[in-house]
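Bear in mind these aren't lab numbers, they're just calculated from the coordinates by the rules spelled out. The structure displayed is predicted, hence computed values, not measured ones. Ideal geometry is used to build each Cβ from the backbone, glycine not excepted, and the neighbour counts take in all protein chains shown.
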Amino acid sequence: MTSPDAPTASPTWLDDRRQAVSRRIGDPVLPSTEEEVWRYSRIGELDLADWSTVAEPAERGLPAGIEAILAAVPERAATVVVRNGFIVHSEVELTWSERGLYVGALVSGPEAETALGSVSGDGIDVFSQLNDVNSADPILISVPRGLTVDAPVVLIDWIDIEGCAVYPRLVIRVGANADVKVLDWHGSADVSAFVAPVVELDLAHAARLGYGSVQMRGPRIWQVASQVSHVMADATLTSSHVALGGDYARARTDCRLIGKGATGNLQAIYFGENEQTLDFRTFQKHDAPKTTSNLLFKGAVDDHSRSVYTGLIKVEKVATGTNAFQTNRNLKLSEHAWAESVPNLEIETNDVKCSHASTVGPVDLEQLFYLESRGVPTDVAERLVVAGFFQEVLEAFPVPGVVGLVNDAIEQRLDRRSER
Amino acid sequence: MGELRIQGLKAEVVGREILHGIDLVVGSGEVHAVMGPNGSGKSTLSHVLMGKPGYTVTAGSVTLDGVEILGMPTWQRAQAGLFLAMQYPVEVPGVSLDDLLSEALSATGRDASIVHAAVAAEAERIGLATRLLDRPVNVDLSGGEKKRNETMQLAVLRPRFAILDELDSGLDVDALRACSRRVEEATTEFNLGVLAITHYTRLLEELKPDVVHILANGRIVTSGGPELADELEETGYAQWVTDDEIAAPSGEADPFADPFA
């Protein structure tokens, strides 16, 4: 176990890289809702000057509030806790470090210089580039070829400084035929903050990665997150995202299936309340033959909350024999809530199986009637149906230990709902 | 002895009257079969009794032991002791059978801790495979499995009166026997009163009706003993409905009617 008592000194290559990107973007220009990928977003409300980056870790201890998460996954191959952008705790079980698993500060990890940016390249948007410049302590999970890690790796990213801007960075590299499951938990105290995480997922030939992320930030957090993945031949990425927190919380997912036979399973659930906006952009990019992508995003919006889902399946000419599916289902629980759902296809070859489906509507009346006909009161029946709506995704969550916590949070939302 | 009493019941769907005045009294422990051709209003009757949205009752009353239930929401009718075994049981993703029945029992102040054991015992009696009990309610069940599931829930919830809406549709011979026998046993076991709505007489081989009613064009046209069902088997519905009605069943206006009938 290592708990660094001083920030890891950044190597020259990293400083150079930060400066290069900084020079390139200059005074960053934020996007506007004129751009398709920002349409329906609240980007116009954002002023980066409202937040300041954290230069020094204010607190080096473990934040209160993470015990329940750790307790939910008692068997862990490795644990990293990042607080306001800085690693405050990092440990890898000896049995796994001996077999070559690396989890910790990227700068001290294997092939650090090539690992950072290996998937995100020059950055998918200005926030990704800002992350390149400002990310304090990038994290690397590196699984050597052939290793099956049978306990999950747990990362907790915590924010508890009022008014801070934080740029968490995570790079996961899974070697050929290796297999790992990762929990990435985004939590916070009730502070106002701006967070722009970037996650890079790099899967080598026949690698398997189950990446489960839970976004339960406090209600005053603005989060603009980006997840990019490269999936090589016969590799399988399963990414499952839970989005409950934040004032405005955006998650962009770019999944690129690069090798023949690569598979990307992309799932998410979200549940908005009060004035929240939960915003999802997905790209399923098929660049090789016989690739498969399977997307299922399910969400509910209550009160005055809003959700946005826009998704694109892009199948290149070379990607023959491709299967690509995209489903977005939304429950609208209040007349003031609003859910936007825009699926899209761009297909350059005929030899594909593709489908997309998108629905926005109230709780299914036939389901309600069925439950009520057994004697279950309307409000309880509605709770059962709404909670049940999310289970399809949660049942397949890569780190099942935390599903209980997620269900508790959903139940609390439903409690607040029935109190109103 | 308790009774379910239907008097002068008229109901319409999107402005069109489907039930033209139904009178029926089912006593506890009795089995009444309501038989009729397609479009006679059978499903409308079952839906109206359970309070399904989409129907308007324009006249009449339905009382359970003297208490009017027509003004009650569906769940209160169920809590008062009414059960509807649906013709097309609805799939409810993510909701387990145990959770549903626990909520149903505890909502009426009954002990929900018995659910798991009761479900297991009843499933075995009805021949519903144990592996199906862990699935979300009705999800990925075959037509026959869904009907066994309805019957199993009826047995666990022990209502006072059960409406069986075409329990026999989509059932193979073995499942039909298991389900109808279980309901028949319930009439003595917990004095269940039964309103069995069906097109065919085969349901009534194990479930012995005390009274058979013929429903045609939204009215009970005749009632009699079990021999009436035998007569139907011989002659069909022709003598009770005009050719017009057979050619153009009034149920066409019913959006909830069986689309495959």
Practice problem: Mind jotting down the distance between the C-alpha centroids of the range B:54-86 and the range A:62-107, whole Å? | Solution: 58 Å
Practice problem: Net charge near A:Gly401: determine it from the other residues with C-beta under 11 Å of the C-beta of A:Gly401, scoring Lys and Arg +1 and Asp and Glu -1. | Solution: +1
Practice problem: Please give the FRET efficiency for A:Arg23 paired with A:Thr378, using the beta carbon to beta carbon distance and R0 = 45 Å, rounded to the nearest 0.05. | Solution: 0.15
Exercise. Rank A:Leu130, A:Leu147, A:Leu170 by how far each Cα sits towards the positive end of the charge dipole of the range A:88-208 (+1 on Lys, Arg Cβ; -1 on Asp, Glu Cβ) and give me just the farthest.
Key: A:Leu147
Self-check item: Label zone at B:Arg110 (point 7 Å along Cα-to-Cβ), backbone N below 11 Å, the range B:141-182
Solution: B:153-161
Quiz prompt | Rg to Rh, two decimals, where the protein assembly as shown supplies the alpha carbon set and Rh follows Kirkwood | solution = 1.08
Quiz item: Given a Förster radius of 51 Å and the C-beta distance between A:Val318 and B:Val57 as r, what FRET efficiency does 1/(1 + (r/R0)^6) yield to the nearest 0.05?
Solution: 0.20
Quiz prompt | Alpha carbon centroid spacing (whole Å) that separates the range A:123-190 from the range A:294-351 | solution = 25 Å
Practice problem: With a Förster radius of 41 Å, plug the Cβ-Cβ distance of B:Asn191 and B:Gln239 into 1/(1 + (r/R0)^6) and report the FRET value to the nearest 0.05. | Solution: 0.75
Quiz item: What are the aspartates and glutamates whose alpha-carbon lies under 13 Å from the alpha-carbon of A:Lys285, with same-chain residues fewer than 8 places away excluded?
Solution: A:Asp254, A:Glu316, A:Glu346, A:Glu348
Quiz item: Could you give the nm distance between label points at A:Ala357 and A:Asn294, where each point is 7 Å from its Cα heading toward the beta carbon?
Solution: 1.4 nm
Exercise. Return a whole-number percent for the relative contact order of the range A:12-259, with Cα pairs under 8 Å and 6 or more residues apart as the contact set.
Key: 16 percent
Exercise. Please report how far the C-alpha centroid of the range B:7-29 lies from that of the range B:90-139, rounded to the nearest whole angstrom.
Key: 31 Å
Self-check item: Hits among lysines - C-alpha to C-alpha of A:Lys332 under 17 Å, sequence gap 8 or more where chains match
Solution: A:Lys298
Quiz item: Dipole magnitude of the protein assembly as shown about its Cα centre, charges +1 at Lys/Arg Cβ and -1 at Asp/Glu Cβ only, in debye to the nearest 20?
Solution: 1120 debye
Quiz item: Once Lys and Arg get +1 and Asp and Glu get -1 on their Cβ, which of B:Gly143, B:His20, B:Gln7 lies farthest toward the positive end of the dipole of chain B?
Solution: B:Gln7
Quiz prompt | Anchor A:Lys290: lysines whose Cα lies under 20 Å away (excluding residues fewer than 8 positions away in-chain) | solution = A:Lys260, A:Lys314, A:Lys317, A:Lys353
Quiz prompt | Vicinal HN-Hα couplings computed from phi for the range A:246-257 (Karplus, 6.51 cos²θ - 1.76 cosθ + 1.60; Hz; Gly/Pro x) | solution = x, 7, 10, 9, 10, 9, 9, 10, 10, 10, 10, 8
Quiz item: Among rounded, prolate and oblate, which fits the range A:365-420 when a ≥ b ≥ c are the square roots of the eigenvalues of its C-alpha gyration tensor, a/c under 1.5 means rounded, and a/b larger than b/c means prolate?
Solution: oblate
Practice problem: Would you calculate, for chain B, the mean residue ellipticity at 222 nm contributed by helices, counting each DSSP H stretch of 4 or more residues as -39,500 (n - 2.57) and dividing by all residues, to the nearest 500? | Solution: -9500 deg cm²/dmol
Quiz item: Hey, rough spin-label estimate for B:Glu227 and A:Leu70, points 7 angstrom out along Cα→Cβ, what's it come to in nanometres?
Solution: 8.3 nm
Exercise. Identify, among A:Ser307, A:Asn344, B:Val119, the residue whose Cα sits farthest towards the positive end of the charge dipole of the protein assembly as shown, taking +1 on the Cβ of Lys and Arg and -1 on the Cβ of Asp and Glu, with the dipole about the Cα centre.
Key: A:Asn344
Quiz item: When Lys and Arg each count +1 and Asp and Glu each count -1, what net charge do the other residues less than 14 Å away from A:Gly261, Cβ to Cβ, add up to?
Solution: +1
Quiz item: Within a Cβ distance under 12 Å of A:Ala357, other residues only, what is the Lys/Arg minus Asp/Glu net charge?
Solution: +2
